[in-house]
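Step one of this worksheet: look at the structure below.
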Amino acid sequence: MINEIHIDANSRMDKSLSSLENDFSKIRAGRAHPSLLDQVTVEYYGTMVPLTQVSNITAEDARTLKVSPWEKDMVGSIEKAILTSDLGLNPNTQGQVMRIPLPPLTEDRRRELARIVRDEAENARVAIRNIRRDAISDFRELLKEKEISEDEARKAEDNIQKITDQHIASIDKSLSDKENSLLEI
């Protein structure tokens, strides 16, 4: 029973960590990467679909993304979707191909992105702590129902704290790496 709680908590913490990494990948660090457009959705025959499902997205160079729609009548709706996204990008359409130049990051924008990254990391830490709290309450419930001894409960709580500390350290390392990549010029 204790192992099942540990395994569940560990897998939930891993999911929180991967969610944080996914969020970090959406915050650009000055280099063009196709994942910047992952959250952009386009209307395709009445249904909202991710941009990656209706076009090919490549990094043409360090500051330019190239979007090639698979159907030529999708160019207008893709352009509109990119313009209305909160990314602040302005595509240049040349026939069936869109080039999206990424503006250089200003110092103020870099600091703002670093603040956003810190907020995301703190949200992930809170999620990890909530998972720890749930696991500890499960251990205490088992103790109350006399299914485990006090020593087993204390040992299980210590183990869950170690798992929590490992995941918090991973979050801190990811945060440090992302902040460094954002603030380098």
Discussion item. What's the total number of residues in segment 155-167 that are crowded, with 19+ Cβ neighbours inside 10 Å and either basic (Lys, Arg) or touching a Ser or Thr at 6+ places or on another chain (Cβ under 8 Å) (or both)?
Written reply: 1
Fill in: Matching residues in segment 135-154 - criterion: being in a helix (DSSP H, G or I) and either in the same structural domain as THR64 (by TED's automatic domain parsing) or surrounded by fewer than 15 Cβ atoms within 10 Å (Cβ to Cβ) (or both)
SER137, ARG140, GLU141, LYS144, GLU150, ASP151, ARG154
Discussion item. Going through GLU157, GLU179, GLU112 one at a time, which residue ends up being out of contact with any Gly (no Cβ under 9 Å at 6 or more places or on another chain), at pLDDT 90 or above and of a type in the set (Asp, Glu)?
Written reply: GLU157
Worksheet item: Quick one: how many residues across segment 68-107 are crowded, with 19+ Cβ neighbours inside 10 Å, of a type in the set (Val, Ile, Thr) and under 22 Å from ASP23 (Cβ atoms)?
Response: 2
Item to complete: Identify the residue in segment 16-41 that is at pLDDT below 80 and among the hydroxyl-bearing types (Ser, Thr, Tyr) and, among all such residues, is nearest to ALA81 (Cα to Cα).
Response: SER35
Worksheet item: With LYS162, LYS80 as the choices, which residue is at pLDDT 90 or above and not polar (S, T, N, Q)?
Response: LYS162
Worksheet item: Which residue out of THR84, THR64 is more than 17 Å from ALA32 (Cα to Cα) and among the β-branched types (Val, Ile, Thr)?
Response: THR84
Discussion item. I need the full set of residues from segment 78-118 which are hydroxyl-bearing (Ser, Thr, Tyr), within 30 Å of THR47 (Cβ to Cβ) and part of a loop (DSSP other than H, G, I, E, B), in order please.
Written reply: SER85
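The values are calculated or read from the model by the stated rules, or taken from the named source; none is laboratory data. Every value quoted in this text rests on a predicted model; they were computed, and no experiment measured them. Don't worry about glycine lacking a Cβ; one is built from the backbone with ideal geometry, like all the others, and counts go over all protein chains shown.
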